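Encoded as structure tokens, the structure appears first; notes follow it.
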Amino acid sequence: TLGLAMLRELGPVITGLIVVGRTGSTITASIASMHLTEETKALRVYGNTPSQRLVLPNVIGMAISIPLLVVWADFLGILGGMLTSQISLGVSYQLFLSRLPVSVPWVNFWIGMGKGMLFGLIIATVASHFGLKAKPSTQSLQQETTNAVVTSLALILLIDSIMGALMTNIGLS
């Protein structure tokens, strides 16, 4: 059950929540600060749309990087579970590693990766939306950054619960 929980739920959700606080807020603040310095107006003068130059790279980058971070979180979570089972329960590393692929089908890994990609898209899109929505003032920058983080956190938890309910019987042996 540790492998199932890590691959399917904890890895993607915890990674998404951490990235929202760190990177999602940074994306929002950086785009919103461009309103203060009128860099978004300069983009338009040169014939570029802010969504093309600011949003799209963030969305693509987050859709690629979050699944990679999910793999790292899954690995560390399973490693921690393996160490804990050895220390607390006396389960050998060999037994743990031999039983993990038998008890946890691979589809759960891919479900977690899909969630990670979806969470990356959500974080980047929401952060960019609130960054572009900000007015050219420091008060608006602070408010929209807070709104972006809260909205992203809520969406990640909501979508994860919906996906969990819809995929209840998928990947369970």
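Miscellaneous remarks
- Qualifying residue in the range 74-82 (condition: farther than 26 Å from Thr138 by Cα, of a type in the set (D, E, K, R) and in a helix (DSSP H, G or I)): yes
- All positions within the range 14-32 that are open to solvent by less than 20 Å² (accessible area, probe 1.4 Å) and under 30 Å from Ile170 (Cα atoms): Thr15, Gly16, Val19, Val20
- Residue match in the range 114-121 (condition: open to solvent by less than 40 Å² (accessible area, probe 1.4 Å), over 19 Å from Ile170 (Cβ atoms), touching a residue at least 40 places away in the same chain (Cβ under 8 Å) and within 13 Å of the chain's Cα centre (by Cα)): yes
- Residue check for Leu132: part of a helix (DSSP H, G or I), more than 17 Å from Arg8 (Cβ to Cβ), in contact with a Pro (Cβ under 7 Å, 6 or more places away or on another chain) and at pLDDT below 95: yes
- Residues that are within 13 Å of the chain's Cα centre (by Cα), crowded, with 19+ Cβ neighbours inside 10 Å and of a type in the set (Val, Ile, Thr), drawn from the range 65-99: Ile66, Val70
- Sole exception among (1) in contact (Cβ under 8 Å) with a residue 12 or more places away in the chain; (2) in a helix (DSSP H, G or I) for Arg53, by number: (1)
- Met62 being surrounded by fewer than 20 Cβ atoms within 10 Å (Cβ to Cβ) and not acidic (Asp, Glu): no
- Ser137 vs. criteria under 30 Å from Ile31 (Cβ atoms) and open to solvent by less than 80 Å² (accessible area, probe 1.4 Å): yes
- Qualifying residue in the range 12-29 (condition: farther than 18 Å from Ser152 by Cα and part of a helix (DSSP H, G or I)): no
- Flag if Gly47 is open to solvent by 40 Å² or more (accessible area, probe 1.4 Å) and either outside any helix (DSSP H, G or I) or in contact (Cβ under 8 Å) with a residue 60 or more places away in the chain (or both): yes
- Hey, Ile156 closer than 24 Å to Gly21 by Cα and surrounded by fewer than 17 Cβ atoms within 10 Å (Cβ to Cβ) or not: no
- When Ile111, Ile162 are checked against the criterion of being touching a helix residue (DSSP H, G or I) at 6+ places or on another chain (Cβ under 9 Å), open to solvent by less than 90 Å² (accessible area, probe 1.4 Å), in a helix (DSSP H, G or I) and closer than 21 Å to Met6 by Cα, a single residue qualifies: Ile111.
The values are calculated or read from the model by the stated rules, or taken from the named source; none is laboratory data. Everything quoted here is computed from the prediction, not taken from an experiment. Cβ sites come from the backbone with ideal geometry, for glycine too, and all protein chains shown count toward neighbours. Accessible surface is based on the protein model in full, side chains and every heavy atom, while ligands, DNA and RNA are left aside. Shrake-Rupley method; radii C 1.70, N 1.55, O 1.52, S 1.80 Å.
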